[in-house]
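The values are calculated or read from the model by the stated rules, or taken from the named source; none is laboratory data. Everything numeric here is computed off the predicted structure, so don't read it as measured data. Cβ atoms come from the backbone with ideal geometry, glycine included; neighbour counts cover every protein chain shown. Each accessible area value is taken on the protein alone, full model and side chains, heavy atoms only, with ligands, DNA and RNA left out. Shrake-Rupley method; radii C 1.70, N 1.55, O 1.52, S 1.80 Å.
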Amino acid sequence: MTAYLIRRVFAAILLLVVVSAITFAIFFLVPRLGGQTTTQLATQYVGKDANPAAVAAIKKNLGFDLPLYEQYWHFIKALVAGADYHYGPDPVHCNAPCFGYSFKSHIEVWPQLKSRIPVTFSLAIGAAVIWVITGVAIGVASALKRGSLLDRVSMGIALMGVSLPIFFTGILALSIFTVQWPLWSNGMTYVPFTQNPADWAWNLLVPWCSLAFLYSALYARLTRAGMLETMSEDYIRTARAKGLRERTVVVKHGLRSALTPIVTIFGLDFGLLLGGAVITEQVFSLPGMGAYAIQGVQSNDLPIVMAVTLVVAFFVVVCNLLVDLAYAALDPRVRYS
């Protein structure tokens, strides 16, 4: 297990380097292939007074006059060991992990991003708990009552949940709970968990349910399909023939095997959500990483884009590593192999 973890950690670091290199190349190399010069790129960050001297100063401060490989090396070095930046009369030190300073506002990126992580974590964790519990429970009930009214109704609702986009269900929920039934008449403002846990949960309840409605519908369908396949296996009939209780057969033998693909998809979904539920955060005006990513993309701000991209990649890699370790608990064949 130790050797396996070492290999996975090494592969994760290599993957993050590849992701950062690709993102860096897209930002700098693609515009050059399209005919844009470094001077034109620097002009975007000068402001209204785009005189040649100001453009040259920005070009030098941002490192646009250096070769592409050298710019990337400075980025990796700053990420690991920190760096000094010269945006004013005195140099400013950026501690590791240093994602640099915003090209637009000249504010350090990592503190800004770090302050938004709790918002995105709160949204992702709450929604994940709801969608896993409801999705798996509905899927199991539908599989055990195949062809019944419960099965048809639940799968119909699940199909509707998969089909309706989050920006529609989110805006619909906002209109219902802030206008028609003004339970949140003062708006849904994010409150830190450490400040007031009750207000934290209350203000995130509608975003949680709106996001969970989309995912729980998918998980219900996947769980139902997995349970239908698993419950027809020979070892299920053997377990029943041995006189085991139906609950033990369903939960320990049926659901446990059917959860393997669910866990795989959950690792990917949860990892991506930890990188920012972009549409949900925009609909409910939550200041999370998704909103910060949109800000960086709209302003063509490489440090913000790079920081969010690497954080998302990190979360996805970590979640997939945890999923691989969870396989051993769910499937004994993984431990034996």
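How high is the relative contact order of the chain, in percent, counting Cα pairs under 8 Å that sit 6 or more residues apart? Please report the intermediate quantities before stating the final value.
Numbers: 392 pairs, mean separation 67.8, N = 337.
The normalised contact order for the chain reaches 20 percent.
Please give the calculated 222 nm ellipticity per residue for the chain, where each DSSP H segment of at least 4 residues contributes -39500 (n - 2.57) and the sum is spread over every residue; nearest 500 deg cm²/dmol? Don't skip to the end; give the middle numbers.
On the way: 14 runs with 234 residues, N = 337.
Using -39500 (n - 2.57) per qualifying helix, the result is -23000 deg cm²/dmol.
What part of the accessible area of the range 1-139, given as a whole %, is carbon or sulfur when the probe is 1.4 angstrom? Numbers along the way, then the final one.
Working: 5490 of 7900 Å².
The C+S portion of the solvent-accessible surface of the range 1-139 is 70 percent.
If I measure Cβ to Cβ between cysteines in the chain, which ones have no partner under 4.7 Å?
If one checks each Cβ against the other cysteines of the chain, 209, 319 turn up with nothing under 4.7 Å.
Once you mark the trypsin sites (Lys or Arg not before Pro) that are in a DSSP loop and have at most 10 other Cβ atoms within 10 Å, what is the longest gap between them in the chain?
Working: sites that count: 48, 242.
Result, exposed sites excluded: 49-241.
Taking the convex hull of the Cα atoms, report for the range 1-75 its projected area averaged over all directions, in nm². If you can, show how the numbers build up before the last one.
Details: hull surface 24.9 nm².
Over all viewing directions, the range 1-75 projects a mean Cα-hull area of 6.2 nm².
Explain nothing, just the number: dipole magnitude of the range 157-311 about its Cα centre with +1 on each Lys and Arg Cβ and -1 on each Asp and Glu Cβ, in debye rounded to the nearest 20. Provide the component values of the computation, followed by the final result.
Details: 9 positive and 8 negative charges, 172 e Å.
Dipole of the range 157-311, to the nearest 20 debye: 820 debye.
Report, ordered by chain and residue number, the aspartates and glutamates lying within cross-link reach of residue 252, taken as a straight Cα distance under 18 Å and ignoring same-chain residues fewer than 8 apart.
229, 233, 234, 331
Which residue, chosen from 267, 294, 206, occupies the Cα position most advanced towards the positive end of the dipole of the range 189-337, where the dipole is computed from +1 (Lys, Arg) and -1 (Asp, Glu) charges on Cβ about the Cα centre?
Result: 267, furthest along the dipole toward the positive end.
Compute the Rg/Rh shape ratio of the range 165-312: radius of gyration over Kirkwood radius, all on alpha-carbon atoms. Intermediate results must be reported in sequence, preceding the final value.
Working: Rg = 20.8 Å, Rh = 18.4 Å.
Radius of gyration relative to Kirkwood radius: 1.13.
Let me see the pair-distance distribution of the range 88-225: every alpha carbon pair, 10 Å bin width, integer percents in order.
With a bin width of 10 Å, the distribution comes to 11, 28, 26, 20, 10, 4, 1, 0.
Select from 138, 262, 171 the residue whose mean-square fluctuation is largest in a Gaussian network model of the chain (Cα-Cα springs shorter than 10 Å).
171
Assigning unit charges at the beta carbon (Lys, Arg +1; Asp, Glu -1) and nothing else, what dipole magnitude in debye, to the nearest 20, does the chain show about its Cα centre?
The calculation lands at about 1220 debye.
Taking 8 Å as the Cα distance limit and 6 or more residues as the minimum spacing, I'd like the relative contact order of the range 56-191 as a percentage.
On the way: 84 pairs, mean separation 13.1, N = 136.
10 percent.
Once Lys and Arg get +1 and Asp and Glu get -1 on their Cβ, which of 95, 283, 127 lies farthest toward the positive end of the dipole of the chain?
127
Given a 1.4 Å probe and every protein chain left where it sits, what share in percent of the accessible area of the range 190-260 is carbon and sulfur?
On the way: 2270 of 3910 Å².
Taking all protein chains in place, the range 190-260 shows 58 percent carbon and sulfur surface.
Rolling a 1.4 angstrom probe over the protein heavy atoms, how many square angstrom per residue are accessible across the chain? The partial results should precede the final answer.
Values: 18280 Å² over 337 residues.
In whole numbers, the chain has 54 Å² accessible per residue.
Scan [x] 190; [y] 199; [z] 150 for the value of volume of the Cα convex hull per residue in Å³ calculated from this model and give just the label.
[y]
If one takes the longest principal axis of the Cα atoms in the chain, at what angle in degrees, from 0 to 90 and to the nearest 10, does the Cα axis of helix 256-274 lie?
Once rounded, the angle reads 20 degrees.
Just check the range 156-234 against the gyration tensor rule for me: Cα atoms, a ≥ b ≥ c as the square roots of the eigenvalues, rounded for a/c under 1.5, and otherwise prolate or oblate depending on whether a/b exceeds b/c. Please list the in-between numbers first.
Details: a/c = 4.04, a/b = 1.95, b/c = 2.07.
Oblate, since a/c reaches 1.5 and b/c is not below a/b.
Cross-link candidates for residue 77: which lysines have Cα within less than 30 Å, leaving aside residues fewer than 8 places away along the same chain?
59, 60, 104, 114
Find the relative contact order for the range 207-300 and round it to a whole percent, using C-alpha pairs within less than 8 Å whose residues are 6+ positions apart.
Working: 46 pairs, mean separation 22.0, N = 94.
About 23 percent, as a whole number.
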